[in-house]
Structure formats: structure tokens, C-alpha cells
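This report refers to the structure that appears directly beneath it.
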Amino acid sequence: MTETSFLSSPFLLALITLSLPLLSACLGFFIKEKVAWLSPLLSSLLMLITFIISLMVIFQGDLNTVRIFTIDWFTLDNRTVTIGFLLDPISLSMIGVVTLISLLVHLYSIGYMTDHKGLVRYFSQLGLFTFAMLGLVMSSNLLLTFCFWDLVGFSSYRLIGHWYEKPKAAHAATKAFIINKVGDLGFLIGLMIFWSIAESLEITSLTQINSPWLTAAGICIFIGVLAKSAQFPLFNWLPDAMEGPTPVSALIHAATMVAAGVFLLIRIEPVFTPECLVLISIVGASTTVIGAWGALVQFDIKRILAYSTISQLGFMIMAIGSGAAEGGFLHLLHHAFFKAGLFLGAGSIIHAMHQANLTSTNEIDVQDIRNLGGLRKKMPITFIVFIICAGALAGLPFTTGFLSKELILSDMTVWAGSAFSWRWLILSGAWLTIFLTPLYTFRLIWFVFFGNPKQENNLVEVPVIMRVPVLILALGAITFLPASSSWQFASIISLVLPVANNTHGLISILSLVTILIALLVGFYRFRAKALNTLQSAFGPYAFLDLLNSYVIRFTFFLSSLALTFDKKWIDKFIHGLAYFQVAVAHMVSWADSRIVDRAVNGVSYSAHGFGGLTRSLVNGKIQSYLLWAVAGLVIFIVWILY
Amino acid sequence: MISTLFFILPLLLFYTVIVVYAERKISAFMQDRLGPMEVGYYGLLQTVADLLKLIQKEDILPAAADKKLFKIAPLLIFVPIFLGFSVLPLSPAWQSSPFSSALFFLLAVISLDVIGIIVAGWASNNKYSMLGTVRSAAQIISYEIPLGLSVLCVCVLSQSLDLQEISVQQGILVKDQANHLFGISAWGVDTTLTGGFITWNVFRMPVLFFVWIIFFIASLAESNRAPFDLPEAESELVAGFQTEYSGSRWAIIMLAEYAMMLLVSFIGVILFWGSWNTPLPNMGSFTLADWTTGSPGSISFQVWGIFWLVSKTLFTVALQIWVRWTYPRTRLDQLTSLSWKFLTPVALLLLIICSLWKLLL
Amino acid sequence: MQEFVLYLFIVASVVSILIIILNRNVFYAALALLVCLISLAGIYALLNAEFLAITQLLIYVGGVMVLIIFGIMLTNRISGKPLYVKSQNWIAGISISVGLCAMIVYAYTPMTLQTSSANTAENHIQQIGKELMSTYAAPFELSGILLLVCLVGAALTASSFKKNTHG
Amino acid sequence: MAKSDILFYLATFLFCSGLLITFTKQNAIMILVGIELMLNAANLNLVVFNYQKQNLDGQLFALFIILVAVCEAAVGIAIILKTYHFYHTSVPDQINELKEKF
């Protein structure tokens, strides 16, 4: 850790990196509506400069040192709160990702937003968001982090509600804001606890705390993370937030803002006590499974991606809770690229469909995947990008997703140990996600790109300005661009030569097999059905159907063979076999309807009941909230006094 | 305390009888007619007869009314006003409840009045009553501001909230300070021993005359008198919040209204027009002021005080009646805009002038 | 005599609060609150805080109560049926309130009040005025700003100067 | 029981009743009433404790509390009126536009 002066260091450059997006945000005040076309150009130019300077920040000097620059902010009760930059590998890589994706989204938005009103407002808000996100990533102090954290939430609120004339968008924005506020409250309480036990809010000084209150502080901070990263109880704002413009979804709700929570967890990971980590891993595991399951049953292309994001974020948080923080962070960087690519690809589809439907009279929901199909031939570039990014999401080999997933899984296997414990449950959750992710990815691609085109119209590929950013992101999903520091390179090598430990290669193979099975199941499941039939929930029927049909076919083949061979002798046997076959079929169907169905229904009922139980406390009644708050206060005072 | 009760309550009843008669007569003369002439000599007993009639009438309770509140509301209107009389200094030696923030108390009491009106209107369960109530409350609350500001101007001058002390300052009984003509000591005209109208507050600081005009307008509005009698505008709202009242309860409401008139007139006289001080000044050896004040401790001292105070007050009441029969009723928007756009800014300006006057001269 | 009046006020305030809690008619509750506030003003006056007592009368009773009653009248559609209020959370609310009450009473050590000589001085008002203009000048001015902001804010909030299109 | 004890218990009672009213009554105006009661409880305590002090700090503090209460009531009533105008109810629980419908 070196403490250096301001001018002789990358801090000046960092300050410029921070202030240029703010300048871009301020531009919105000065550009008149008449010359609105200026705004995208200027903002994108500023963002390009920002990106170049951030690259200079990243590659100046040694990557693996931690550099801090602070100045005093204010003094309260003899304790000084500072304000400053903290540049270490984690924040540097985040700076790179944020500026790059922000730049790409700016470029993409030039194409995407041309026909919409409020261009100036849109780009100034993008600038504000980038500023807030960079500030969040660079800040050296938890209080400053909190300020930017709130600012990020605020600009997200404004961007989701960009089309505020739509009541749904306005509601979604309000919902996101309010749920984020709930999390902020937790964060704030956590900060207060830290302030009282640690006497300083410097991130670097938080590691040396030893106090019984640490668990409470960790949980409070984690509540903030829950809301920001859309984790289990507080995740339902994210699918709604898809009402915002698609580039915004790519920037905020896939790559950066929702990653802020994960980033914060990694930042202050040393302070989490084991109890905290248990909670984190459980919440992460449940979120990842719920999110993946949710993605399977959605029909809106953006909502599928939103649930997928929830699932992936849960995966990262589970990884952090289960001792695979490095893998989690790597996955965060990788996820930023391929999910942004997916979102922008989806945006291209929506944009193209929208353009094509401008002249037609019948209103269709262009985001509904049941209305899409056969786009493979009409939008080849988007198709390729989608395939690459989806491959990364599913964790296919030679993509970034494979790399990080395999790292997480191997670390988690070590963590889970050989003896059976609750940790195995978490691990099985991870495997279930590994299985479910290719499945819904396959479903999405199959519905959108294969099959017959649903519309006879003049669909054309999107303009170049929108193609290039998506292609760059796709490139990021197969090359190892975000893997910039040394340990990440090491993990790339370990992909080729699994030498880290013995389980390593086995896990790679196992995960590959899982993915392949998932793809197979998906292929069988989604190819066979008519694409526009409504599929309620993904049950275990697929296996049973598969089983049934192959068994019966094989039997029939055998019986016909036997019939030609000897009718007389084997007749009865064949009859018996047929009867047996029917009986087995009945038994299977009985088991299917009674045991499997009921198990599935039971799970859903219990989940519903449990949800109702927890929801009854959060009943939206302000007086009840007040009541429980005072109850908490009374208990707290009793605790303190007696 | 008890003595005041025995003095004020009969005074109030007697005064009401007189003033109702006076009001009829004055309005009749202003409209060039005779007014009541039948009962008694020159119609003198007309009001007494009316009063007897009112007391005999049936006590009607509307079926849909909130009975308890309906019954109690007239008292809620009357009691706060009657409470206000308890702190008035009636003569140099007689103030029933002498306490140092009496003026403040009076303001509070005046604002309490509105509660009774609201209860009366609500309990009647009648649209007209409700509208009258809303108007009345809006009026009383908005006119409290110019009223308070004008009272504040006097406080700036006399540096006290004690009514007795304010009164003492305005005459020859003043002890520990000197009065100058128009409050300007640089002139060198010492009026401490001259007394009379020269030392009344409006003469000690001539700006206060304009303040008094504001006070007078605001007090008209506070007591729901014309031209601000919108809450009970007979031609629009039947009788406003008192529509459903009749008989003795209505009589109590009317008593409260006339008592309010008297109370605000008392306050105006005490604050601006010399309180119980004589208007006649000492001129050389011709010590009119000393003669019409009486020597401290004697009976005449009390009697002169009460005489001057009550006569000046009744004169102000007559002024109110005069105004009532001269001006037409204002509209609601005129009423509120008069208060907020005219009286309040002017009162603030006058307050600043008064402060500067007191500070600089 | 003074003791007796004090107890009278205490009883009045307790009874009026019970009326607020048990009554379902909002208007009655507001009137009961009025009684409670007046009783409290009386208690203040008996505790040598006459300025505060009158302020309580003037501001609370003359101002806040009128506002509240106005609120009741305007949220009730003029001359509609009496506004009845439902209640909820009785058990939890009572248990928490009583718990808090018991806790406060438990934490309280009984004490006896001795009136200090300074406090019985006659002219409170001048004392208060001097304090307001010297020691408490800053909060006094700030509260003036607060009042102004509130006035403007309340007027803006309550007025419907623009027709709302959101519906 | 000494006079001050009774007054202290009265203040406690006021505060807890205010809390109870705030919890239980399903009407925004009643919630406001409850809050006023709680503020008055604080005021009563300040006045009682000021009774035996040399200075007037307690009374002045109570004065400022009254002032803040006025602001709170004015803005509160304005908001209640506005929401009533919008939703035609003054029951806070019925204003649940953001609640998910199940």
C-alpha cells in the first residue's frame, strides 16, 4: 500500500475520469431542444475520452499495488471523515468495465434513441449515471460510497422512468426507487454501526475490526446489497425496470448498477463474519435458482434477460458467500460483457421489429418471444452476437462464462468439503443453476431465431452504429478482455492445463456434461412443441416423455421382430410384455401425476405459503411498519437497559 | 374576581339591550325612518319585549343534529369571549386578573371563539350552517394576522403586554418614564404632567392612528360585523352557522356577538385611545386632568376610570354600528384579498415604522 | 385550591384522551383533543409557564385544532355523514404501548420538585423575550424561516393550481 | 405521590396513548392527532422539569416544539387534503397503488 501525492500519480487522471461524465451530465442543461442532435455526439465524444483516460489510469504503474489518496472531508467528534480515491486491481478493472460499457451504450443509444423524444435528457442522465458509478467504484470511504450509491439509485430511477408518460414506466421507476431506498436504510444502519465500532469508515481500515456487532453491521450492509443487486426478497423491481429504454437496461440492469452490490461485497469482504457469509450464500443460492426458474417461464424477451440477470447475480453472491470470491468477481466482469451484449442484441431485435412494424396496422408486442421467430436469416449479425453471448451465459467452453463458472464451482466444491452438510445444498443449488441456465438460454434463442418467421415483413438489420458496440461486446465474451490482472490470466491457463487440484478437471467435465444434457433436454422439449402454445411451468415431464417414448418404441420394435420370428410361442409372452408395458406406462403415469406432480405442487404451495407469511409483515400499511419499528425500539431499549 | 363577574355580566346584559335598541334607532335614522316606536316611550322597551319573547320560545332541536354538541355550542361561543373580559383593567385600581401577558391572553381568547362557531355549524348538520362555518373560520383566522400585527405595534411602543401598564402609560399617572409630544423627545415638549388626550397612544405615536384603522377593520371582521358579516349573511346563507338556532340558544349566540363587539372595542380603547384616562389635559393651573381623574384611593378614582373607559368604548361601538349601516357586505374573495394583500403588508410596514420611531426618536 | 385545579386538569386530560382512543367519531376525537390541549395549557399555567400556556391556547387551540377540524370537514364532503374511523392492530398496539409505558415508568426514579425562587419571578415574558433575542436568536430566526417555508409549502400543496392529467 | 410524579405519569400516558392512536386508527387525521399528543407529552415533561430550574430553557424548548408542531400540522393537513383530492380517501391503507395485486 503506497500513499502518494496527488499530481505525481494516476489520481489526477482518475479525477478527470470521474469529472468528464459529470460534465456530460451538465451538458443537458445547456443544450437547447432545437439542437438536440448535438447531445449524443458530445456525450459520446466525452465518454470516448473518458474511456481512453481510464485506460491510462489502469495501465499506469503496477497493477497489483493498492494506491490511496485522501483528503479530509469533515471532522465530527474528533473523528475525521475523509474523501478520496482507492485504486486497487478490483476498482481498476471495474473502472475499465464501466467506462467501456458506458461508451458502447452511448454509441448504441445514438442509433437506438434517434426516433425518440427527450434525447438531451437521456444522454445527460447516462452521463450522470456513469459519474455516479465511477465514483462508487473509486471511492475510498464507505460514507462516500453510500453517497454515490444513492446517486446511482437516483439516476437509475430517472432512466427507468425515462418514458414517464407511460404509467407502467413511471410505476416501475417508483418501485425501483422505493425498494432501493429500503436497501439504503439497511446500508445506512450498517454505516452507523461501523461508525460506532470502527471509529472510521475508511474501507482499508475496516478489516481490523473485532466486535460482536460486526455480524449485525455485515447483515445491514448486505440488506443494501440485496436491494441494489436484486436479491431474493427484494428482487422484483428488476423485471419491472425493463420498462426503461433497452440500452439503459444493458448499462444499468445488467452490467453496472446491479453489479455494484456484488462489487461492494467484494470490497468489504474481509469484514463479513462466518455467520454473515452463511446468510449471503443462502440468499445467493435461493436467488440464483429462483431467477433461473423465473427466466424459464417468461415470454417477454427483456424480462427473460432480467430474470437471468437476477440468477447470475445470485450466482455471484453465492460464490462470495461460499469462499469463491475471486471467481465471483471474475464472473461479475465477464457477466457485464455478455449480458450487456445480450441486452443490446435484444434491443436490436426490438428496434428492428419496431421499425418494420411502423407501417403495419396490426399492433403486436415486439418484445414477446411468441411473436418472434426465424430471425436467424434476417438479422445474421445479431444472431451471431446472441449465440456468442448466450454461449457465455450458458457457460460453453471457449467463452468467458465457462472460465468463471468453472472457477466458482471448483472453489465451492473445496468449500463444501467431502462430508455431507448444508453446504452441499448450496452446491446443489449452484449445479441446478448450471443446468437451468442453458435450458432457458436455449429456449430464448430457439423461439427468437429459429422456426418460421411470424411476420411477413421487411425486417432489416440495424444500422452500423448499433452493430459495432454489440460486436465489441461479443468479442469481449469470447476473448478474455476483462481478465486483466495476473491471477485472472493464471485461471485462463488453468483452463487449458487443469493442474490446480484434482477435482478441477472433473468439475469441468461434469459441468460440460450438465450443460450438454440441458441442451439436449431443451432441444427435445422446445423443438417438439408448437412454439406458440403456452407452457405454464417447466416440470420434470420432459424426462418422462423422453423415457416413455423411447421405451415404447423400442418395445414395439422388439415385438414386431418377435412376431415375424415366431407367432405361436412368443405370442402370449408378447401379449404379456405388452400388458406389462401398459402396466408400466400406467404406473409411470400414476407416479407422474401423483408423486411428481404433487411434489412440484407442494413445493409451489409451500413457497407460496411461506411467501405469504413473510409478506404479511410487509403489508404496505404505514401504521404497521411504524408499529413494528416501535416494537423493535422497545426491544432494543430493553436489551440496552436490562 | 367575583366582583368583576358581578360587574361585567349585568353590564353586558344591560349593554346588549341598549345597543340592540341603539342599532335599530341609528339604522332607522340613517334610512330616514323612525324605527321602533310602539313599546314604551319612544320604543325604549322594544328590546326588552323581544328578549322576553325569545326566552319564552320553544327550544327546538333539529332531528338530524348532533344533540349534545348542538346544545353546548352557544356556550362554547360565549364563554371564551366572556373570559376575555376577566383581564380588562376597568379603572386604575381595578383589574380582576392582573397578569403580565394579558394582551397575549386576549388574542388567544379571541381565536378560541372560532371553535365554538365550528362546533355550532357542524352540529347543526345543515349545508348553510356548514358553509357559514367554513367562511367564518377562514375569516377569523385570516384576520387574526392583521389584528395581531396591529396589537404588536402598540406593544412596541409600550414595551409591555400588561394592559394595566399600557393604560398607566397613557395618562398623568405614569411614574417611571416621561411622555413627549408625538413621542419625539428632541422637541423638548414634555407632556408627562399634561395628560389628557395628548398622552394617549395615538398621540404619543401618530402612526398608531393608521394602525388603529387596521385594528378596527380587523376587529370588525373578528366579530363578524358588517361589512364582514359573511358567515351569517342573511340574504345568501339564511343566517350562516346559526341557521338552526332559535329561542334562548340563539339569544346566547347574539349575546356573544354583541359581547365580542364590546370586547374588541374595549381592547381598541385600551390600546389606542387612552384606556381609562381622561381626555381632558392639564392646562396651567386649570388642571382638568387631575380633576377628572380623582385622587388615588378614593371612590371617585374608580368611578372616573370606569366612566371614561366605558363611554369611550360605547362610542367605538356606535362607530361599529355606523359602519354597519353604511357599507354593503363584501364578497368572500374581497374579504380575503383585503386581509392578505392589503392589511397584512400595510400592518407589517407600520410595524417597521413604529419600531424605527421608537428606536430613533 | 391550586392543587385541586391541577388535579382537575389532569383528570380532564386523561378522560379526553380516553375519549379519543375509544370514540369512533373523528369529530368527537378532535374536540376531545381540544379539551386535552386546553387542560395542558392550564397545567402549564399552574407550573409558572404562563407564556407557554397562552401560546398553547393561541397556536394549538386557535390554529392547529382549527386546521385539524378543517381537515376533517374537508375530507368528509361537507355535511356528509359523521366521519367514522376504523381501527386495526389493537392487540399489538396496546401491548407495545403498554410495554413502552411500563418501561418508562420503571426507568423513572421518583423525585420531588422544588420551585426555585427565580422561577416565580413576575415578568416571565420579558425574560423569555430577552432569551429569544440573545441565547436563542439563531433557533428563533431559523424557526421563522421554517414557518415561512411551511406556509408556502402547505399553500402550494393544498392548492390545485394545475389540472392534473395523470388522473 | 408527589405532584411532579403525577405529571410525569400523565406525560407518559399521553405519549403512549398518542402512540396507540397512531398505530390503531385508520385515518390520516387521527394519526396526526396521535403525533400531536406525543409532542405535547414531550412539552409537558419539559415544562415540569423546567419548574425547578433557574433558567427558562425548558419553556423555550417547548416553545420551539410547539412551533415545529404547527409546521407539521399545516403541511400534514395539506398533504392529507391533496391525497384526499386524488384518491378520495383519507385512510392511509387504501392508498396502495404501488402494492402488487395478487
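The values are calculated or read from the model by the stated rules, or taken from the named source; none is laboratory data. Keep in mind the model is a prediction, meaning the values are calculated, not measured. All Cβ positions, glycine included, derive from the backbone under ideal geometry; neighbour counts span all protein chains shown.
Residue B:99 versus (1) closer than 30 Å to residue B:298 by Cα; (2) within 11 Å of chain C (Cβ to nearest Cβ); (3) at pLDDT 85 or above: which is the lone unmet condition?
Looking at each condition in turn, residue B:99 falls short on (3).
Where residues in segment A:31-48 are in contact with a helix residue (DSSP H, G or I) (Cβ under 7 Å, 6 or more places away or on another chain) and outside any helix (DSSP H, G or I), which of them is surrounded by the most Cβ atoms within 10 Å (Cβ to Cβ)?
A:31
Given the conditions (1) more than 23 Å from residue B:94 (Cβ to Cβ); (2) surrounded by fewer than 20 Cβ atoms within 10 Å (Cβ to Cβ); (3) within 14 Å of chain C (Cβ to nearest Cβ), which single one is not true for residue B:213?
For residue B:213, the failing item is (3).
Let me confirm something: among D:22, D:89, D:83, which residue is more than 7 Å from chain C (Cβ to nearest Cβ), modelled with pLDDT under 90 and under 13 Å from the mean Cα position of the chain (by Cα)?
D:22
Just name the residue that is nearest to the other protein chains (Cβ to nearest Cβ) out of those in segment A:168-204 that are charged (D, E, K, R) and not in a helix (DSSP H, G or I).
So the first thing to find is which residues in segment A:168-204 are charged (D, E, K, R), and the list is A:168, A:175, A:181, A:184, A:199, A:202.
Next cut, not in a helix (DSSP H, G or I) only: A:199, A:202.
Working: A:199: 29, A:202: 34 Å.
By that ranking, first place goes to A:199.
Identify, please: which residue in segment C:60-87 is over 24 Å from the mean Cα position of the chain (by Cα) and facing another protein chain (nearest Cβ under 7 Å) and is, among those, modelled with the lowest pLDDT?
C:79
So, in segment B:60-83, exactly how many residues are closer than 15 Å to residue B:262 by Cβ and more than 12 Å from every other protein chain (Cβ to nearest Cβ)? Full working, then the answer.
Keep residues of segment B:60-83 that are closer than 15 Å to residue B:262 by Cβ, which gives B:77-78, B:80-83.
Those still in the list that are more than 12 Å from every other protein chain (Cβ to nearest Cβ) too: B:77-78, B:81-82.
Final tally of qualifying residues: 4.
Out of the residues in segment A:151-194 meeting the condition of being closer than 11 Å to residue A:244 by Cα and basic (Lys, Arg), tell me which one is nearest to the chain's Cα centre (by Cα).
Looking at the filtered set, the residue picked out is A:158.
With C:118, C:92, C:102 as the choices, which residue is in a helix (DSSP H, G or I), modelled with pLDDT under 80 and away from chain B (no Cβ under 14 Å)?
Selected residue: C:118, the only one of C:118, C:92, C:102 that is in a helix (DSSP H, G or I), modelled with pLDDT under 80 and away from chain B (no Cβ under 14 Å).
Just to check your reading of the model, which residue among B:141, B:118, B:145 is at the interface with chain C (Cβ under 9 Å from one of its Cβ atoms), at pLDDT 85 or above and more than 30 Å from residue B:93 (Cα to Cα)? Explain how you work it out, then say what you get.
On the way: B:141 fails: at pLDDT 85 or above; B:145 fails: at the interface with chain C (Cβ under 9 Å from one of its Cβ atoms).
Answer to the selection: B:118.
Which residue out of A:95, A:90 is in contact with a Leu (Cβ under 9 Å, 6 or more places away or on another chain) and among the hydrophobic types (A, V, I, L, M, F, W, C)?
A:95
Within segment D:44-63, is there a residue that is more than 7 Å from chain C (Cβ to nearest Cβ), in contact (Cβ under 8 Å) with a residue 40 or more places away in the chain and touching a helix residue (DSSP H, G or I) at 6+ places or on another chain (Cβ under 9 Å)?
Checked segment D:44-63: no residue is more than 7 Å from chain C (Cβ to nearest Cβ), in contact (Cβ under 8 Å) with a residue 40 or more places away in the chain and touching a helix residue (DSSP H, G or I) at 6+ places or on another chain (Cβ under 9 Å).
With the condition kept exactly as written, say whether any residue in segment C:8-21 is part of a helix (DSSP H, G or I), out of contact with any helix residue (DSSP H, G or I) (no Cβ under 6 Å at 6 or more places or on another chain), among the small types (Gly, Ala, Ser) and more than 7 Å from every other protein chain (Cβ to nearest Cβ).
no
Just give me the residues in segment B:129-172 being surrounded by fewer than 21 Cβ atoms within 10 Å (Cβ to Cβ), of a type in the set (Ser, Thr, Tyr) and assigned to a helix (DSSP H, G or I), in sequence order.
B:142
Answer yes or no as to whether residue A:126 is touching a residue at least 40 places away in the same chain (Cβ under 8 Å), part of a helix (DSSP H, G or I) and crowded, with 21+ Cβ neighbours inside 10 Å. Spell out the reasoning first.
On the way: touching a residue at least 40 places away in the same chain (Cβ under 8 Å): yes; part of a helix (DSSP H, G or I): yes; crowded, with 21+ Cβ neighbours inside 10 Å: yes.
So residue A:126 passes the test.
The conditions are (1) out of contact with any helix residue (DSSP H, G or I) (no Cβ under 6 Å at 6 or more places or on another chain); (2) away from chain C (no Cβ under 12 Å); (3) in a helix (DSSP H, G or I), and residue B:178 fails exactly one of them. Which is it?
Single failed check for residue B:178: (3).
I'd like the full set of residues that are in a loop (DSSP other than H, G, I, E, B) and closer than 30 Å to residue A:474 by Cβ, limited to segment A:49-107. It would help to see each step written out before you state the result.
First, the residues of segment A:49-107 that are in a loop (DSSP other than H, G, I, E, B): A:60-66, A:77-78, A:88.
Residues satisfying the conditions are A:60, A:63, A:64, A:88.
Within segment B:37-59, does at least one residue satisfy the condition of being under 30 Å from residue B:166 (Cβ atoms) and crowded, with 18+ Cβ neighbours inside 10 Å?
Looking through segment B:37-59, none of the residues is under 30 Å from residue B:166 (Cβ atoms) and crowded, with 18+ Cβ neighbours inside 10 Å.
Do any residues in segment C:33-57 that are more than 9 Å from chain B (Cβ to nearest Cβ) have Cβ atoms under 8 Å from those of residues that are assigned to a loop (DSSP other than H, G, I, E, B) and of a type in the set (Phe, Trp, Tyr), where the two are at least six apart or on different chains, and which pairs are they?
Short answer, once both residue conditions are applied: C:47/D:51; C:48/D:51; C:49/D:51.
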